[in-house]
Each structure stands twice: as C-alpha cells, then as structure tokens.
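Since every read-out is calculated from the coordinates, none of them should be taken as a lab result. Keep in mind that what you see is a predicted model, and the values were worked out from it rather than measured. A quick note on method: Cβ atoms are made from the backbone with ideal geometry, for glycine too, and the neighbour counts reach across all protein chains shown.
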Amino acid sequence: MNLRQIEVFHAVYLHGTVSAAARALNVSQPSVTKVLRHAEKSLGLPLFERARGRLIPTEDARTVFGEVSEIQERVRSLRQACHNMRHGEGRLLRVSALPSLGLGAIPQAVAAFMAERGGVLFDLQTLHHDEVVRKLCERETDIAISFEVPPGAPVSHRVIGEGELVVLFRPQDIPDAPPRLHLSELRDHKFISPIQNGPIGRLLGAELERLDVSLEEVVSARTYYIAAALVRAGIGMAIVDNFTAAEALAGGLAWRPLQPALTFNINAVHLQTRPLSSAARDFLDRLAQVIDGI
C-alpha cells in the first residue's frame, strides 16, 4: 500500500462510509472508491463488507489498521512539524515547561533574559511529561523543561538544576512543624495524592513503599497547583515539588522538606537533530540561576 491508499483506508475505517471519508479528505466519492479498490487489489484481500449502507471492516482490515495507524500518525506529525517550521522562522524561542515551573521560575528567567538581551521573542506554554517528545518532534517547542528525560527518545538534555519534594500544609494543621518532616509523621493527616504516572508520583510511591508507610488519601490531583488549592481549602496536605510550594506561600500556606530528602533533576530537553541556539543556551543559563535561588 502506498501513502495515498493508507490515507484513504484509514479514513474509511474511521468514518464507516465512502461519503464520510471523502468529506474528511476533501475529495470526491469516486476517488475514494477507486483508491480503496486499488488498495484491496494490491493487498489481495477484501478490506470491507457492505452492511446497511456502511462499510464493515474485515478481520484482515482490523489487522491492517493496527499497522497503518502508526504510519498515519507519523505522516500527520510530519505535516504539523512542517507547518510549525514555516511559521517559526526568525528569532523566536519556544519553551515548554511543567506547570509548577511555569508559576514562577520560567517568568523570572524570561524577565532576567529580556533585561539583558533584546530581539528575542518567547513563545511559552505548559506541558505534561507524556507530551515532551510530541511537542519537540512537531516543532511546537524548541526546549522542554521537564523532571524526566523521555527514555529511548531521540533527544539530548542538560541538567539545569535540582528540585525537592516537600510537604505543603496549612500552619494550623502542623503548628510546631520541625525543619523536616518524615513521611511516617503524616499518617494521622488527610492526604491529597498525586497521580502516580509522573516521575514525582513514582518517586514518592517508591519511598512510601520502601518505608512501608500508608497515607490517608482523600483526593487525587493531576497538577500540583490544584493540589495547592486543595490544601488552601482545608481538604488535607500534599507532597509537591518545592517550586509549587514556593508560589503557594503567598496564599498563607507553609511547607517543609522531607526527611530523608527526595530530590530530582530538572532537565532542559531538545531534539538531537536540533542543537540549541546561542539564545537558548543563554536563556537556560538564566533559568538555572533562578532555579538555584528558589
């Protein structure tokens, strides 16, 4: 099957009729029918059966779909990357960061950079860990600031600082809090749990398992600024990164690091095929200084 046949087969499979596939592809129905017939001929297999005006995939078609979906996604990714490259010419620096870093560290670094160096436009956005590779490959961002380097991905990274897990709480909930808190000291408190699929969630989960400590989880939150808002509302306490905690102090909350300390790297990730520009390197220098001061 060639790429055109894959595109048509994919559209017919998803939409269920030739007419719907033709509208999705912005082509004529006879064109879709012709390409689909050629695809079946090249494979030597029937791909659809007609039933009540719809095209029902055969078992062979289901197998083929599983193979071509990845190809179709790569083609879509290539088109998006080309689009972003066309619209990304000039001195534009795209930076994506986790929400907790976007609350304070990134704005501070941008301000410091722009005070020293003009002529660079910033395109700033937040992202989650599972979006790093896609945003880089599709040229939606030049640099992804993340707590984790995607394993096996064609990326390079630079460690620009270190973060630490801390306990975020209302002062009245732990009135005489020591300089550091042990996880076992939180057993009698309600706990806002991070979703365990991120690097910080996994780090915390492994430590709780190592210490054989169970916490009373009452709510889970996928982003740490939501966890901070829940703490402020009196729902319970949370374990978050120190960047989220630093921004939460203005809301009357308190925080303490853990004992023993749980730390993690902060990484600037970029594609191996796209080395960092001098502007990007200078910005990361400023960001590293900001992170070091938090």
query: If the cut-off is 20 Å between C-alpha atoms, which aspartates and glutamates fall inside it for residue 34, apart from same-chain ones fewer than 8 positions away?
result: 7, 49, 60
task: For helix 59-86, report the angle its Cα long axis makes with the longest principal axis of the Cα atoms of the chain; keep it between 0 and 90° and round to the nearest 10°.
output: 60
Zero-based 5 Å bins, Cα pair distances in the chain, whole percents: 1, 5, 10, 12, 12, 10, 9, 9, 9, 8, 7, 5, 3, 1, 0, 0
field: Globularity index of region 162-264, i.e. its alpha-carbon radius of gyration over 2.2 N^0.38 Å
entry: 0.94
- line: Stokes-Einstein D for region 86-224 (10 °C, 1.306 mPa s, Kirkwood Rh from Cα pairs), in µm²/s, comes to 89
- line: Square roots of five times the C-alpha gyration tensor eigenvalues of region 1-69, ordered largest first and given in whole Å, equal 16, 14, 11
query: Using the Cβ atoms and a cut-off under 15 Å, what net charge is assigned to the surroundings of residue 220, where Lys and Arg are +1 and Asp and Glu are -1?
result: +1
- prompt: What are the residues whose amide H is under 5 Å from the amide H of residue 181, where those residues sit 5 or more places off or on another chain and H is modelled from the backbone?
  reply: 258, 259
- prompt: region 228-294 to region 156-179: how many Å between their Cα centroids?
  reply: 10
field: Calculated from backbone phi, Karplus (6.51, -1.76, 1.60) coupling profile of region 23-32 in Hz, x at Gly/Pro
entry: 5, 5, 8, 6, 10, 7, 4, x, 5, 5
